[in-house]
Amino acid sequence: MSEKTIQFDQPQLKGTITVPGDKSISHRSVMFGSIAKGTTTVEGFLLGEDCLSTIDCFRKLGVKIDVNGTNVVIESPGMDGWAEPKEVLYTGNSGTTTRLMLGILGGTKLHTIMTGDASIGKRPMRRVADPLRLMGAQIAGRENGQYTPLAIQGTDLQAIDYTMPVASAQVKSAILLAGLRAQGTTIVRESEVSRDHTERMLRQFGAIIDVTDGVVSFEGGQQLTGTHVNVPGDISSAAFFLVAGAITKGSEIILKNVGVNETRAGIIEVLEKMGAAMRVGIENEQAAEPTATITISTSDLQATTIEGNIIPRLIDEIPILALLATQATGTTVIKDAEELKVKETDRITAVVTELKKLGANIEATDDGMIINGPTKLHGGALKSYGDHRIGMMAAVAALVTDDPVTLDDAACIAVSYPTFFEHLETLLQR
Ligand code: S3P
């Protein structure tokens, strides 16, 4: 554990930062590059612990992966040339690695075992294992396949037509990745659109895929071809500085290279609705993953309701949006977000418990939270629960508290944003 005391004296944030690469896209770049035969080059890769876990798993499958700063080169014999790993594949804290790998490994000829850290050991896996079993996958796991460690015996798969019971890009992606090896046309139906990086990247690697009105379909047996992937900055990391800039008096922050794929950009709509002083300059609308330069400055904020189909488009931003709501005038209601309970930790309980310690007027509900603001926050001893996004929420909260915030475990922030405190330092005007 790495305790950290976070203290600022009348802070102001000014300047420009380039947020690190998108976590979801970085994972997928290594997965797709390993599935494809030949060479894939990746630029802007996130060197966070989660994405390094993905690299480690594919190295154990015999894929050659060179990391040089944020440039990654993957040379793969293709899926059929992977080696049966002699060791357990360790996915660390990463739900995306564990769930997407399950889809990928199900259709190989290999026997593999996957496990992760204590948090991964509590996260539901049957939401992925069940549809994969319908495709013929042989997956065993603790409590009838619900929890890691998971054992996979790769086998031939059949396509399915699957209606998603939860809005989850991880479930959708696992099925699509299994569908690559399945016989027939795999169809996934979503009632609420979740992030679509897998669909976009399948196209980038040469697959033909149809997406119409929330229905994704594609033919099994398609071969992927190595390519170049440009990873945009992670909007979920940018979110912490968007909120920091909006609530820290006298601030103006410029965030460069932020990925603004519309299936991820719900936070921009919420900030606009709350009255944030923000400019979004989109740079490359036609790219596989469009990016923008976003400028945000301090402003008076109004409460809002966050509900319905915007939730999957900002699910990872809810902890920091809850902090934002403590500084907005009125009652903010967050609902339809029960998925928060099965993230790296139960994020409804964690956010409400920790912000209450700072004096926030916040209550948990079954599917979200209700926050009354604005509230002057005071300092306190906070817990991150080993969850990177709770840790960063606590650090940003310290910008508006009158006493220091102590965080029990700040090291977990390296899961998605290893340079978070350096970027904060760069922006601080002392
Ligand atoms: C992710 C999807 C989301 C998100 C997670 C990354 C992905 O999870 O919370 O941080 O890369 O596909 P769900 O799809 O399970 O909601």
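The values are calculated or read from the model by the stated rules, or taken from the named source; none is laboratory data. As the structure is a prediction and not an experimental result, all values here were calculated from the model. Note that we place each Cβ from the backbone using ideal geometry, even for glycine, and neighbour counts take in every protein chain shown. Calculation scope for accessible area: heavy atoms of the full protein, side chains included, ligands and nucleic acids excluded. Shrake-Rupley method; radii C 1.70, N 1.55, O 1.52, S 1.80 Å.
Comparing Met164, Met101, Met79 in a Gaussian network model of the chain where C-alpha atoms under 10 Å apart are linked, the largest mean-square fluctuation is found at Met164. Taking label positions 7 Å along the Cα-Cβ direction at both Ala381 and Gln10, the computed distance is 3.1 nm, reported to one decimal. Our coupling estimate for the range 263-276, obtained by passing each phi through the Karplus curve with A = 6.51, B = -1.76, C = 1.60 and θ = phi - 60°, is 6, 10, 9, x, 4, 5, 4, 5, 4, 4, 5, 7, x, 5 Hz, Gly and Pro reported as x.
Can you compute log10 of I(q)/I(0) for the range 226-273 with the Debye formula, treating each Cα as one identical point scatterer, at q = 0.24 Å⁻¹? Normalising to I(0) and taking log10 leaves -0.94. Taking 0.36 nm per residue of sequence separation and removing the Cα-Cα distance, the Gln222/Thr293 pair yields an extension gain of 21.9 nm.
In the chain, the longest principal axis of the Cα atoms and the axis of helix 95-106 are about 10 degrees apart. Available extension along the chain between Arg133 and Ala277 is 47.0 nm, counting 0.36 nm per residue and deducting the alpha carbon span. For the range 64-101, backbone nitrogen atoms closer than 12 Å to the point 7 Å from Ser2 Cα along Cα-to-C-beta are found at no residue. With a 1.4 Å probe and every protein chain kept in, tell me what percent of the accessible surface of the range 255-376 is carbon plus sulfur. Taking all protein chains in place, the range 255-376 shows 45 percent carbon and sulfur surface.
Taken along its principal axes, the alpha carbon cloud of the chain reaches lengths of 60, 42, 41 Å, longest axis first. Taken one residue at a time, the phi angles of the range 388-401 give Karplus couplings (6.51, -1.76, 1.60, θ = phi - 60°) of 3, 6, 6, x, 5, 4, 5, 5, 5, 4, 4, 5, 10, 9 Hz. Gly and Pro are set to x.
Taking the chain as the reference, fit the longest principal axis to its C-alpha atoms, fit the long axis of helix 49-60 to the helix C-alpha atoms, and give the angle between the two in degrees, 0 to 90, nearest 10. The angle comes out near 10 degrees.
Over the chain, give the accessible area per residue in Å² for a 1.4 Å probe, as an integer.
Accessible area per residue, the chain: 37 Å².
Amide H to amide H, with H built 1.01 Å from N, Glu283 comes under 5 Å of Thr291, Ala292, Thr293, counting only residues 5 or more places away or on other chains.
Cα-Cα over 32 Å: which of Lys23/Lys64; Lys4/Lys341; Lys23/Lys122; Lys109/Lys256; Lys86/Lys343; Lys64/Lys172? Long pairs (Cα-Cα over 32 Å): Lys109/Lys256. Here the Karplus relation 6.51 cos²θ - 1.76 cosθ + 1.60, evaluated at θ = phi - 60°, turns the backbone of the range 248-259 into coupling constants of 8, 3, x, 9, 8, 10, 10, 10, 9, 6, 7, x Hz, with x for every Gly and Pro. Reported value for the range 377-430: 71 Å³ per residue, from the convex hull of its C-alpha atoms.
The Kirkwood radius of the range 326-393, taken over pairs of alpha-carbon atoms, gives through the Stokes-Einstein law at 10 °C and 1.306 mPa s a diffusion coefficient of 130 µm² s⁻¹. With a 1.4 Å probe and all protein chains left in place, how much of the accessible area of the range 145-186 comes from carbon and sulfur atoms, in whole percent? Heavy-atom surface of the range 145-186 belonging to carbon and sulfur, 1.4 Å probe: 45 percent. Determine the shape class of the range 93-227: with a ≥ b ≥ c the square roots of the Cα gyration tensor eigenvalues, call it rounded for a/c under 1.5, and otherwise prolate if a/b is greater than b/c, oblate otherwise. It is prolate, given that a/c is not under 1.5 and a/b is the larger ratio.
The length gained on full extension between Asn68 and Val88, counted as 0.36 nm times the residue separation minus their Cα-Cα distance, comes to 4.6 nm. Of all DSSP bridge pairs formed entirely within the chain, close to 70 percent run antiparallel. The fraction of accessible area contributed by carbon and sulfur in the range 1-103 is 44 percent, rounded to a whole number (1.4 Å probe; ligands and nucleic acids excluded). Once all protein chains are placed together, Phe58 keeps about 0 Å² accessible to a 1.4 angstrom probe.
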